[in-house]
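Notes for the one structure printed next.
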Amino acid sequence: MGWSATGLLLGAWVLAALCLVPQVQAELVINEIMGDPLQDWDGDGILSFRGDEWIEVLNNGASEEDLTEYWLRDDHGEDPHLNLFGTLEPGQVAIFYGSDSVAWQLEQGQSGYGFSINNTGDTIELLRSVPEQSPDTLIMIHRVILNNHEVEDDRSSGWDLSGEEWTLFDALNPYNGASTPEGNDCVPTPGQLNVCEPLVPVHPARWDHLKSRYR
Ligand SMILES: [Ca+2]
Ligand SMILES: [Ca+2]
Ligand SMILES: [Ca+2]
Ligand SMILES: [Ca+2]
């Protein structure tokens with residue numbers, strides 16, 4: 001499978017849905033998702049099940065993308081959870097945190113629920129404004145279905161670097177079950193291309209070193 005619309009792993013029923021909306025070339029794709037954070041991924045000093053979720057997008061096209069035309073949401077309710085911002089060069093990724101979503105929602109006068117990625121599994125959608133129509137007219141251009149085991153403490157899931165396989169970045173919380181996607185023993189790569197970085201064990205502090213600290 002490749003990056004083209006026909007290559008998305010979403011199944012025929014999603015392709016059928018895509019055919020029902022005006023065709024917009026999907027230059028931007030959802031690249032990696034962290035739905036059940038167990039650390040301070042957004043770096044604000046607070047661990048938040050809401051603020052530290054993140055969704056990464058990749059510009060798979062040949063030209064710079066204006067991200068303000070794009071929106072993210074899950075498939076519950078009608079409202080998008082974030083209007084993306086900034087621009088993105090070809091081949092580059094951008095990351096958006098739950099805290100970005102909360103801030104945007106509060107600006108809109110909505111409740112700040114963030115992305116609300118369900119820890120038992122969810123469906124995440126990337127939407128795009130229809131050119132020359134109201135910004136409220138959004139069409140879905142990419143959809144990712146997350147299984148329960150993908151949304152567990154500090155596991156992310158996303159495309160492998162070739163864009164051919166949706167895989168589970170589980171080095172921080174290894175998955176040995178039989179469901180797909182299988183774990184790849186790589187750490188999540190927020191804000192970076194989905195290269196495989198194995199977990200580097202922290203050298204255990206030796207007891208005499210520890211004692212010397214407290215003398
Ligand atoms: Ca945080
Ligand atoms: Ca969650
Ligand atoms: Ca789960
Ligand atoms: Ca990444």
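Assorted remarks:
- Subset of the stretch 134-191 [among the polar types (S, T, N, Q) and not in a strand (DSSP E or B)]: 134, 137, 147, 148, 162, 173, 176, 179, 180, 184, 189
- Just one of the listed residues (111, 101) is of a type in the set (S, T, N, Q) and in contact (Cβ under 8 Å) with a residue 24 or more places away in the chain, and it is 101.
- Filter result for residue 129 (more than 22 Å from residue 66 (Cβ to Cβ) and among the polar types (S, T, N, Q)): no
- Residue identified as closer than 20 Å to residue 36 by Cα, hydroxyl-bearing (Ser, Thr, Tyr), in contact with a Gly (Cβ under 9 Å, 6 or more places away or on another chain) and assigned to a loop (DSSP other than H, G, I, E, B) among 99, 116: 116
- In this entry, residue 4 is excluded by the filter for residues that are of a type in the set (Ser, Thr, Tyr) and at pLDDT 95 or above.
- Residue within the stretch 202-214 that is surrounded by 12 or more Cβ atoms within 10 Å (Cβ to Cβ) and either modelled with pLDDT of 95 or more or in a loop (DSSP other than H, G, I, E, B) (or both) present: no
- Candidate set: the stretch 132-174, residues that are within 16 Å of ligand 1 (Cβ to nearest atom) and crowded, with 17+ Cβ neighbours inside 10 Å; chosen: the one farthest from residue 71 (Cα to Cα): 154
The values are calculated or read from the model by the stated rules, or taken from the named source; none is laboratory data. The model shown is predicted, which means the values in this text are computed figures rather than measured ones. Glycine gets a Cβ as well: all are built from the backbone with ideal geometry, and neighbour counts include every protein chain shown.
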